[in-house]
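The values are calculated or read from the model by the stated rules, or taken from the named source; none is laboratory data. The model shown is predicted, which means the values in this text are computed figures rather than measured ones. Every residue, glycine as well, gets a Cβ built from its backbone with ideal geometry; the counts of neighbours run over all protein chains shown.
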């Protein structure tokens, strides 16, 4: 082993110990509530077609971008509350907060919506802080963050009107939306409190259902803490016909813009006919560990990244 690698790995030991404690805490948190931990395939024949997620291929199959489709097939088979901690893979994602292989926890509740999953996230993060003996206030990158619940909430429409000067619900523009989110909206979120931004424009619904009383917005919410996007929650769409239509439109756009051929996940769409009302959420474990380790980069909380393997 080279001296440089030896020194790097040795310096990571405190953070990796804390990482193990956080992951174990998350596992205990859900197990105590009666959730069933599941282990779905890492290599899969079909995935959800999403324009902003480029999969890594494995032969004619894919490495998992998310366990979502398999977990929902379990829900459709009569399972009620599930969670999974596992590795996911997305091509081209490398940077301060990204690595092509990363760890994510996903959980699903039948009979729940996106707001209930946000409450779960609040309780998980606060309880993890207490387990680490950090209390209700933590320090991240020189800022004290008060984790006391409930966390402040703001709708997408209000945030963009206030910070970016336009209404993405009345005038959807995905490219402008993404740019302004990074450059104008997130920088205005409180540095001393987590922020939940909710009710995304309908074209950005993905696998989320639209609000029954306002079909211009989707029941989707994201959690930001210390500038880090931590989690993404949905009230899950359970209409197979509508989901197939969304996927077909996404497939056309992926081919038009990226020249990638995708196909409909037919087994998943068939299972949706039995999918109950449910809420689901994905939380990035590496970023949660970054938060509690006061780490500036994901490299500080992973022993091996794509650059060091």
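Tell me, please, whether a residue that is closer than 23 Å to residue 305 by Cα and either in contact with a strand residue (DSSP E or B) (Cβ under 6 Å, 6 or more places away or on another chain) or not in a strand (DSSP E or B) (or both) can be found in segment 67-78.
Yes, segment 67-78 contains a residue that is closer than 23 Å to residue 305 by Cα and either in contact with a strand residue (DSSP E or B) (Cβ under 6 Å, 6 or more places away or on another chain) or not in a strand (DSSP E or B) (or both).
Just for segment 102-117: of the residues that are surrounded by 22 or more Cβ atoms within 10 Å (Cβ to Cβ) and out of contact with any helix residue (DSSP H, G or I) (no Cβ under 9 Å at 6 or more places or on another chain), which one is nearest to residue 291 (Cα to Cα)?
Going through the qualifying residues, I end up with 117.
Is there a residue being within 22 Å of residue 120 (Cα to Cα) and in a helix (DSSP H, G or I) anywhere in segment 31-48?
Yes, some residue in segment 31-48 is within 22 Å of residue 120 (Cα to Cα) and in a helix (DSSP H, G or I).
Got at least one residue in segment 87-101 being surrounded by 14 or more Cβ atoms within 10 Å (Cβ to Cβ), at pLDDT below 95 and more than 19 Å from the chain's Cα centre (by Cα)?
no
Could you tell me whether any residue of segment 45-67 is loosely packed, with under 13 Cβ neighbours inside 10 Å, more than 29 Å from residue 204 (Cβ to Cβ) and more than 14 Å from the chain's Cα centre (by Cα)?
Yes, the conditions are met somewhere in segment 45-67.
Name the pairs: first residue in segment 297-309 and within 15 Å of residue 228 (Cβ to Cβ), second residue at pLDDT below 95 and surrounded by 16 or more Cβ atoms within 10 Å (Cβ to Cβ), Cβ to Cβ under 8 Å, at least 6 apart or on different chains?
297/97; 298/97; 298/98; 298/305; 299/305
Please determine whether any residue of segment 266-286 is free of Cβ contacts under 8 Å to residues at least 12 places away in the same chain and closer than 27 Å to residue 212 by Cβ.
Checked against the condition, which is being free of Cβ contacts under 8 Å to residues at least 12 places away in the same chain and closer than 27 Å to residue 212 by Cβ, segment 266-286 yields no hits at all.
How many residues are outside any loop (DSSP other than H, G, I, E, B) and either surrounded by 15 or more Cβ atoms within 10 Å (Cβ to Cβ) or at pLDDT below 95 (or both) when one looks only at segment 159-175?
6
Which residues, taken from segment 8-17, are part of a helix (DSSP H, G or I) and either in contact with a strand residue (DSSP E or B) (Cβ under 9 Å, 6 or more places away or on another chain) or closer than 19 Å to residue 87 by Cβ (or both)?
Scanning segment 8-17 gives 15, 16.
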